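Asker: Once you've had a glance at the structure underneath, I'll fire off some questions.
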Amino acid sequence: MGRSPNGNGTWLRTRNNAGSTPARPTEREGEMRLEDIGFYTLSDSRARNASAFSPLWRCELLLTDRCNFKCPYCRGSSFNELTYDQARHTLNLWMEQGLQNVRFSGGEPTMWMRLADLIRTAKDGGVKRIAVSTNGSIRWEVYAGLLEAGMNDVSISFDACCAADAKKMAGGMDKFNTVTQNIVKLAQRTYVTVGVVVTDENVGQLVETIKLAHSFGVADIRVISAAQHNKILEALGNVPESILDAHPILKYRVNNAVKGRNVRGMNNTDSKRCWLAIDDMAIADDNHYPCIIYMREKGKPIGKVGPDMRKQREGWVLSHNCYEDPICRQNCLDVCVDYNNVAEKARCVEA
Ligand SMILES: C[S@@+](CC[C@H](N)C(=O)[O-])C[C@H]1O[C@@H](n2cnc3c(N)ncnc32)[C@H](O)[C@@H]1O
Ligand code: SF4
Ligand code: SF4
């Protein structure tokens, strides 16, 4: 049994051995394993075993708040752009703690001049998955350079299935052809997912947008209701089975929609602790936040970037009631809620 102290004099206990550990919830008949959902960085084993001393698993660094698009729904937030030295310092702090998966985001991170250097640093430091979130509109040579540096995961915003609507969703930027060409080329070379943020404006073409993204050969399609438009995505019921079978994240969301579950939000019966924050992290400026949603919804940071971040995060996890926090209660993603439920059932906290 792993034990680790936290700042409040209580103990976090992880149940990762046999003996008194109750049957894993995921072993119960009919219950899905987190890894089957297709969110590659979430697994039952991680949920059971993560601690303040386990490798950092999934960290996101916001490099700049600048962007060439003006998506009307955007929850990009404004924050100070990082210098290269600041970004490398944070990356090094993470890598000293065994960072496994990193995501660079923004704003539009491809507009941050030294992204390729940062990616190379992550690769040289042994980070396995190096992800970039982008709107896909930048010239191909930039993406080719990032691939060459070691980027092996690309998330691309893709909110419409025709140029005119894509232009509206991008706040007037006419880049549909560039974006689609880049998606096709990137999907031939690495793991690519597209993200469709669903609003009242584009929900009518959701199924067509999914079909088009599928035709580009992407690995998965992440359909997310915009934070300000949370509702069950009924249109998802019309996505053909053959497309669902090709994309596990999409299939998970569609299954949830069919069961009447929203993409966002917690219930009173869900874990009130956010175990994800133990080995996940999002950083903007010199602040570390519980998660990227929390940061974008303007929640308070847990603390400042520095060597004590893990300890601070463990204290936050053990003391923060997420159900009483409107940001978490209304915005937490289905997959994070499921992860925390698995983790909560596998652990206990003693005073
Ligand atoms: C803020 S963007 C930054 C990266 C890049 N510029 C892009 O668009 O992919 C990161 C992600 O947040 C998503 N996003 C922005 N505003 C959102 C909102 N209101 N609700 C849900 N997701 C949102 C974007 O679609 C994108 O997948
Ligand atoms: S491209 Fe990304 S950061 Fe830029 S406005 Fe759109 S969602 Fe926001
Ligand atoms: S929104 Fe979800 S993942 Fe983020 S801090 Fe709250 S409970 Fe954790």
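Asker: Which values of log₁₀ I(q)/I(0), to two decimal places, follow from the Debye formula for the stretch 98-221 at q = 0.10, 0.16, 0.17, 0.20 Å⁻¹ with a uniform point scatterer at every Cα?
Answerer: These q points yield log10 I(q)/I(0) values of -0.30, -0.74, -0.83, -1.09.
Asker: What is the log10 of I(q)/I(0) for the stretch 176-235, computed with the Debye formula using one identical point scatterer on each Cα and no solvent, at q = 0.24 Å⁻¹?
Answerer: Result of the Debye calculation: -0.98.
Asker: Farthest toward the dipole's positive end in the stretch 297-338, which of L318, Q330, P301, given Cβ charges of +1 (Lys, Arg) and -1 (Asp, Glu) about the Cα centre?
Answerer: Selected residue: P301.
Asker: Right, something else. Charges only on Cβ, +1 for Lys and Arg, -1 for Asp and Glu: so what's the dipole of the stretch 152-268 about the Cα centre, in debye to the nearest 20?
Answerer: The calculation lands at about 220 debye.
Asker: Using Cα positions and a limit of under 22 Å, work out the lysines in reach of K175, with same-chain residues fewer than 8 apart set aside.
Answerer: K70, K167, K185, K211
Asker: Just want the answer: with Cβ charges of +1 for Lys and Arg and -1 for Asp and Glu, which residue in T190, M32, Q97 is farthest toward the dipole's positive end in the chain?
Answerer: My answer, from the dipole projection, is Q97.
Asker: Distances longer than 18 Å among the Cα atoms of the stretch 89-164: what percent of all pairs is that?
Answerer: The answer is 39 percent, as a whole percent.
Asker: List the lysines whose alpha-carbon lies under 19 Å from that of K272, not counting same-chain residues fewer than 8 positions away?
Answerer: Those lysines meeting the cut-off are K300, K345.
Asker: Report the charge-dipole magnitude of the stretch 198-319 in Debye, nearest 20, computed about the Cα centre from +1 at each Lys and Arg Cβ and -1 at each Asp and Glu Cβ.
Answerer: Its charge dipole is roughly 420 debye.
Asker: I want the antiparallel fraction of DSSP beta bridges within the chain, as a percent rounded to 5.
Answerer: Once the DSSP bridges in the chain are tallied, antiparallel ones form about 30 percent.
Asker: What is the mean projected area of the alpha carbon convex hull for the chain, to one decimal in square nanometres?
Answerer: Averaged projected hull area, Cα only: 16.7 nm².
Every number in this text was worked out from the coordinates using simple rules, so none of it is lab data. Not measured: the values here are computed from a predicted model. Cβ atoms come from the backbone with ideal geometry, glycine included; neighbour counts cover every protein chain shown.
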